[in-house]
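The values are calculated or read from the model by the stated rules, or taken from the named source; none is laboratory data. The shown structure was predicted, so the numbers you read here are calculated from the model rather than taken from an experiment. Backbone-built Cβ (ideal geometry, glycine too); neighbour counts: all protein chains shown. Heads up: the accessible areas ignore ligands, DNA and RNA and are worked out on the full protein's heavy atoms, side chains in. Shrake-Rupley method; radii C 1.70, N 1.55, O 1.52, S 1.80 Å.
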Amino acid sequence: MSPRSSSAMPDITRRSLLAGATAAAGLATTGARTARASTRRAVPVTREEHRLVIIGSGFGGGVAALRLAQAGVPSLVLERGIWWPTGPGATTFPSPSAMDKRAFWMGLGPEFLGVKVPAHDPYTGLLELVRGDGMNIMCAAGVGGGSLVYQGMTVQPTRELFEATMPAGLDYSAMEKTYYPRVARMLKLRTAPDDLINSRTYLPARIFARNAERAGYAVSKIPMPIDWTFAQRELRGEMKASYTNGDCSLGVNNGGKHTVDVTYVAAAQATGLVTVATRHNVTDIAQGPRGRWVVHADRIATDGTVLEKKIITTRALIMAAGTAGTTRLLMRAAAHERISGLPTELGTGWGTNGDRIYVWTNLADDFGAPQGGPVVYGSKEWDDPATANTIIQASLPPLPANLRSTMLVGYGISPDRGRFVYDTARDEAVLRWPKGGDATLFKRLQERGEKIAGPSSMLLDTNAAVPSTWHPLGGASMGRVCDLAGRVHGHRGLYVLDGALMPGTTAACNPSMTIAAIAERATDRLIAEDLATVI
């Protein structure tokens, strides 16, 4: 079956689908703005010194802060965003169907996948779009990083896929025995219970599983960092809907989602050795005298106004600002000769993890509205490492009408790679992605998606409208820029522990679990080998 053209759909329906789907998948188009210095008063400059500084509080930074604190190392964690506290009845996060300034880092761009949208006031919101040449990157902001807004799929690759994609020297046996289970315990992984799946609002999940099996594909429940009793309590009317109506892709207000802020970061703070400095936007890093590292950070208000400029000196610096943040900061330091001799392969080896996001409109079956979420089932096609891929069904957020649609999300292994190139006119590193990149994988995902959707359906490919990825990987990869413990080659005390360390893919799995597991492994090595002499 070939997908029918979206031009046959009424304009209001297409606009609603695009807005709802991209909100649910996190493909909101945002205009990234830098923090603004106040024009009414002088901005004070202060200096600090710390033993260890960690830039970023997501899957890499959170792991590093906790494990090094447990080894007795105090650290300062710099996070540009804010805390997002949750609990039954909370209204901390914005709704994806009625987004406001909280959804976007320093404001919203003029359009949303081609749909005009109103401007929003600058705010330290959840999502930032990093524009590239041929591919855009979606980034998260806030304590917990991408865990705040990811759907939550926490999937471990097989040995065959891991060894086909990861650098030699990463022992899968140790990963399988020690590090993946450690992450699973921290995130309290669970699959959705059958009584919840059989409830009315989880009908789309049941239709997906039925169709995939009819098409000859294996289906399994996806491990999620979720306490599903929260969703069950919603069905009983004990708290307002958040999971059971799909209103959970820009954060779960009711809680019950074991994000990095309430697991790793909270445990790190409980040691008494970790300080999390929110609204600290790092602008530059540099190599200081006597083997020190220097971090320049703006302490900002929630509207981006610069309140204080900080110059922070540290003996050890862990870059965990996300693929785009880490890579761009390192490349900026190299371009301005603030750090000399960085590896020449910095910025290379970047991949999308094969992301593809579809709106699935079904004329044969009515999915109903609202739809329970975030994710229940997936279909893995992992036999051939060259084309291994995963497709999951994800809920749409609450929309004004029942559009007979839900979402399919695919990702997988692809050999195609982009690279960051420093643009001196813009004074920043810009991603360049090859035209037609990931085409072989995308073709396979399209074929599988069409078979799962069935003959009375159509798939609307949102990536065709705006090429983008929620799974950016690489830029400071193991084997190219860093060793397997995240040490930057030739630079004592400088480390990378986030998605930038990955080799452009995480083996047909979404990246979170592998990033965290590799960070767990790396911090074990750093504690054993660097603690006494470097950190």
- Note on the structure: the chain accessible area per residue, 1.4 Å probe, protein heavy atoms, integer Å², reads 36 Å²
- Based on the alpha-carbon gyration tensor of region 153-281 and its eigenvalue square roots a ≥ b ≥ c, which shape applies: rounded if a/c is under 1.5, prolate if not and a/b is larger than b/c, or oblate? oblate
- So, in Å, what gap is there between the alpha-carbon centers of region 291-370 and region 403-478? 19 Å
- Note on the structure: The answer for Trp350, listing residues at least 5 apart or on another chain whose modeled amide H is closer than 5 Å to its amide H, is Gly418, Gly475
- Message: List the lysines whose Cα sits under 16 Å from the Cα of Lys309, skipping any in the same chain fewer than 8 residues away.
- Response: none
- Task: List, in order, the whole-Hz ³J(HN,Hα) value for each residue of region 167-183 obtained from phi through the Karplus relation with A = 6.51, B = -1.76, C = 1.60 and θ = phi - 60°; use x for Gly and Pro.
- Result: x, 4, x, 7, 6, 5, 4, 5, 4, 6, 7, 10, 8, 5, x, 4, 5
- Can you list residues whose amide H is under 5 Å from Met106's amide H, if they're 5+ apart or on another chain and H is modeled 1.01 Å from N? Tyr123, Thr124, Gly125
- Message: Could you tell me how far the Cα centroid of region 241-256 sits from the Cα centroid of region 37-100, in Å?
- Response: 22 Å
- Using the structure shown, list the pairs from Lys240/Lys451; Lys188/Lys443; Lys177/Lys380; Lys188/Lys380; Lys177/Lys443; Lys257/Lys451 with a Cα-Cα distance above 24 Å, or answer none. Lys240/Lys451; Lys188/Lys443; Lys177/Lys443; Lys257/Lys451
- Message: For the ranges 211-222, 61-72, what's the packing order if you count other beta-carbon atoms within 10 Å of each residue, average per peptide, and put the highest first?
- Response: 61-72, 211-222
- Item | Accessible surface of region 213-326 [probe 1.4 Å, protein heavy atoms]: carbon and sulfur percent | 47 percent
- Please report, in debye to the nearest 20, how large the charge dipole of the chain is about its Cα centre when each Lys and Arg carries +1 at its beta carbon and each Asp and Glu carries -1 there. 760 debye
- Phi-derived 3J(HN,Hα) across region 201-213 with the Karplus relation (6.51, -1.76, 1.60, θ = phi - 60°), rounded Hz, x for Gly and Pro, is 6, 9, 4, x, 5, 5, 5, 4, 4, 4, 5, 5, 5
- Residues meeting the amide H criterion for Thr283 (H placed from the backbone, H to H distance under 5 Å, 5 or more places apart or on another chain) are His296, Ala297, Asp298
- Starting from the Cα gyration tensor of the chain, take the square roots of the eigenvalues, sort them a ≥ b ≥ c, and report rounded, prolate or oblate (rounded when a/c is under 1.5, otherwise prolate if a/b is larger than b/c, else oblate). prolate
- Share of antiparallel DSSP beta bridges in the chain, in percent to the nearest 5? 70 percent
- By per-residue mean of other Cβ atoms within 10 Å, what is the highest-first order of 495-503, 319-327? 495-503, 319-327
- Query: Tilt of helix 322-335 relative to the longest C-alpha principal axis of the chain, in degrees (0 to 90, nearest 10)?
  - Reply: 40 degrees
- Given only helices, namely DSSP H runs of n ≥ 4 each adding -39500 (n - 2.57), what is the per-residue ellipticity at 222 nm of the chain, to the nearest 500 deg cm²/dmol? -7000 deg cm²/dmol
